[in-house]
1. So which helices (runs of 4 or more DSSP H) are wholly in the stretch 296-411 and hold at least 1 residues that are in contact with a Lys or Arg (Cβ under 8 Å, 6 or more places away or on another chain), modelled with pLDDT of 95 or more and at positive phi?
2. Considering only the stretch 143-157, I want to know if a residue exists there that is farther than 22 Å from LEU268 by Cα and either open to solvent by less than 40 Å² (accessible area, probe 1.4 Å) or touching a Ser or Thr at 6+ places or on another chain (Cβ under 8 Å) (or both).
3. For the structure I just gave you, tell me whether VAL227 is β-branched (Val, Ile, Thr), outside any helix (DSSP H, G or I) and either within 16 Å of the ligand (Cβ to nearest atom) or without any contact (Cβ under 8 Å) to a residue 40 or more places away in the chain (or both).
4. Can you name the residue in the stretch 366-386 that is open to solvent by less than 50 Å² (accessible area, probe 1.4 Å) and farther than 18 Å from VAL314 by Cβ and, of all such residues, is nearest to the ligand (Cβ to nearest atom)?
5. Run LEU291 past the list (1) within 16 Å of the ligand (Cβ to nearest atom); (2) loosely packed, with under 15 Cβ neighbours inside 10 Å; (3) over 30 Å from SER70 (Cα atoms) and report the number of the one that doesn't hold.
6. Please verify whether ALA270 is within 28 Å of LEU175 (Cβ to Cβ), surrounded by fewer than 19 Cβ atoms within 10 Å (Cβ to Cβ) and either under 17 Å from the mean Cα position of the chain (by Cα) or near the ligand (Cβ under 8 Å from one of its atoms) (or both), treating the condition exactly as stated.
7. Might you let me know whether the stretch 207-215 holds any residue that is open to solvent by less than 60 Å² (accessible area, probe 1.4 Å), away from the ligand (no atom under 15 Å from the Cβ), of a type in the set (A, V, I, L, M) and under 15 Å from GLY189 (Cβ atoms)?
8. So if I check each of LEU180, LEU165, LEU187, LEU175, which one is without any contact (Cβ under 8 Å) to a residue 24 or more places away in the chain, open to solvent by less than 60 Å² (accessible area, probe 1.4 Å), under 24 Å from LEU104 (Cα atoms) and out of contact with any Cys (no Cβ under 6 Å at 6 or more places or on another chain)?
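The values are calculated or read from the model by the stated rules, or taken from the named source; none is laboratory data. Note that the structure is predicted; figures quoted are calculated from it, not measured. Glycine also receives a Cβ, built like all others from the backbone with ideal geometry; neighbour counts cover every protein chain displayed. For accessibility, only protein heavy atoms count, side chains too; no ligands or nucleic acids. Shrake-Rupley method; radii C 1.70, N 1.55, O 1.52, S 1.80 Å.
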Amino acid sequence: MGASEKSGKVVDMKAQSGESASLSVGGKTVQFPVYHAVEGAPVIDISKLYSDTGYFTYDPGFMSTAACESKITFIDGDEGILRYRGYDIDQLAEHSSFLEVAYLLLYGDLPDAKTRDDFVRTITLHTMVHEQLHFLFRGFPRASHPMAVMVGATASLSAFYHDSLDINVPEQRELAAYRLIAKMPTLAGMAYKYSLGQPFIYPRNELGFSENFLHMMFATPCEPYKVHPVLARAMDKILILHADHEQNASTSTVRLAGSSGANPFACLGAGIASLWGPAHGGANEAVINMLQEIGTVDNIPEFIAKVKDKNSGVRLMGFGHRVYKNYDPRAKVLYKTCQEVLDVLGRHDDPLLKIAVELEKIALSDDYFVSRKLYPNVDFYSGIIYRAMGIPSKMFTVLFAVARTVGWIAQWKEMMEDPKTKIGRPRQLFTGAEPRKFVPAEKR
Ligand code: CMC
C-alpha cells in the first residue's frame, strides 16, 4: 500500500515510475514504460508495440490486459478485497446508503450531509419516466423475459430525453447520469408489473430509493402498501454491493460502446445485454434454478459428481470468479443480510437455503473446488434473499442492472472525462482463408 493511498489522496503514480520492461522480438529489443498502480499489479504500456515491432499482443478474455486507467474501484482477488474509491465494501454496506455510494462512485468522495441531501433530492426528482414509455412496454408480450424488456426500455430513453444526449456537454452528461440512476428502478418495477398483468405503480418521492423501488414492485393501486424497513435496508445493501466491480464484462461493454461516442442510454442498453449472460449477472437466476433442480440435500453428492465431470457441462452456479480466488467479500455481507431477511420473513425453513448451505459446506472442503480456488460469489446468496422477498427469479438480473447502473455511468463518465480516451478497437489474430479468387457459382 503506497503512502498516497493511506492518506486517501490519489497520486498519479504513472508520472513517478521510471521503470521499463524490455521485449526482444523479430530481431529487435524494445523498451516499454512500466506504470505502478496505487494498489494492485503494475502494468506494461504496450501501446507502441505494433508501431515499434509490427507485432500485436494476443490475450483472449483480457486475462492479462488492463484496458483502461481508472480511479473508481479496486479489487484484490487473492485477498478477497473490494473497495469503492478507497472504502472497503463491507464498511459501505454497513454504514452508507445506496445513493451516498452512488455519489461516491460518480464524484470520488463521500458527500457532506447537505451535499448528500441535495443529491438525493436531485435523483428523486427524476424518478418518473415519460408517459409514452407505457406504450413501449405494452408492445412486449407479457411472457417476455424482463431483461429483454430492460435492454429495450433503457436504450429507448435516448428517444425521449434529447436534452441529455450531447456527450460533449458536461451538464448533459450529468443529467443523463441522474436520469439513469433515478429511472432504472421505475423501469424495473414496470417490467415486473407488466409481466404480472398489473397496473404500473408510479414512483413516490417521499420514500427512500430502495423503499420506493420495492413499493413500485409490490404495491397495487387497490390498497396501501408499507415496505418493511428491514427489507428496504437489505435491498439498499444489495444495491451497494452490486454498484460497481471495475472492468467486468458489462462495464467494459459500456466503455467500448461509449468510446465510439454513442449516447449513455444506448451504452447502458448494451451493458444490460452483457450483464444478462449466465456467466455474469444471470448467475443469480441460474443459482435458484440449480438449487431447484437439485431438489433435496440428499441429491447434492450426485450433483457435485456431475459438476466435477468435465463432459457434463454442468457448473456449480454462484461459485468461482475470474478475479476472486478467495471468498467474494460481497458474498460474506450477503450471507448476513440473508439471515436478517429470513428472520423478518420467518423463512428459515426455505428448503433451497438448506441445500445452498450444505452445498457450500461440501464444495468448500472438496479438493476440486479448493485446488481451483472456487469460492461462493455474490450471486450465491442474493437469489435466496430475493426469493424470500417474493421476487421471481426472472427479475434477479434486473435488480443487478438497477444497482450496476451507477457503476456503468460512473465508469462511462470517467472515460468521457479522460483526454486519453480513444475509440476501443481491439486487433485480431487472423486464422481464416488465404487470399483466393472469386469463382462464379456455376464453376465452383
Ligand atoms: N463450477 C465448476 N467448475 C468451475 C466453476 C464452477 N462454477 N468455475 C470454474 N470452474 C473450473 C473450470 O472448469 C476450470 O477448471 P480446469 O482448470 O480443470 O479446466 C477452472 O475452474 C477455471 O475456470 P475458468 O472457466 O477458466 O475461470 P474463468 O475465470 O474463465 O470463469 C466464471 C469465471 C465466473 C465464468 C466461472 O467461475 C463460472 O462459470 N462460474 C459460475 C457462474 C457464476 O457464478 N458467475 C457469477 C460470477 S460473479 C457475478 C458477476 O460478477 O457477474
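1. Working: elements: 300-308, 329-345, 351-365, 367-371, 379-389.
Of the helices (runs of 4 or more DSSP H) lying wholly inside the stretch 296-411, none has at least 1 residues that are in contact with a Lys or Arg (Cβ under 8 Å, 6 or more places away or on another chain), modelled with pLDDT of 95 or more and at positive phi.
2. Our first condition is that a residue be farther than 22 Å from LEU268 by Cα; within the stretch 143-157, this holds for 143.
Subsequent filtering for residues that are either open to solvent by less than 40 Å² (accessible area, probe 1.4 Å) or touching a Ser or Thr at 6+ places or on another chain (Cβ under 8 Å) (or both) retains 143.
So far as the stretch 143-157 goes, yes, one or more of its residues are farther than 22 Å from LEU268 by Cα and either open to solvent by less than 40 Å² (accessible area, probe 1.4 Å) or touching a Ser or Thr at 6+ places or on another chain (Cβ under 8 Å) (or both).
3. Numbers: β-branched (Val, Ile, Thr): yes; outside any helix (DSSP H, G or I): yes; either within 16 Å of the ligand (Cβ to nearest atom) or without any contact (Cβ under 8 Å) to a residue 40 or more places away in the chain (or both): yes.
Here the answer is yes, as VAL227 does meet what is asked.
4. Within the stretch 366-386, the first condition is being open to solvent by less than 50 Å² (accessible area, probe 1.4 Å), and the residues that meet it are 366, 368-369, 374, 376-386.
After this cut, where a residue has to be farther than 18 Å from VAL314 by Cβ as well, the list is 378, 381-382, 384-386.
On the way: VAL378: 5, TYR381: 12, SER382: 9, ILE384: 14, ILE385: 15, TYR386: 14 Å.
Looking at residues that are open to solvent by less than 50 Å² (accessible area, probe 1.4 Å) and farther than 18 Å from VAL314 by Cβ, I get VAL378.
5. Looking at each condition in turn, LEU291 falls short on (2).
6. no
7. Looking through the stretch 207-215, at least one residue is open to solvent by less than 60 Å² (accessible area, probe 1.4 Å), away from the ligand (no atom under 15 Å from the Cβ), of a type in the set (A, V, I, L, M) and under 15 Å from GLY189 (Cβ atoms).
8. LEU175
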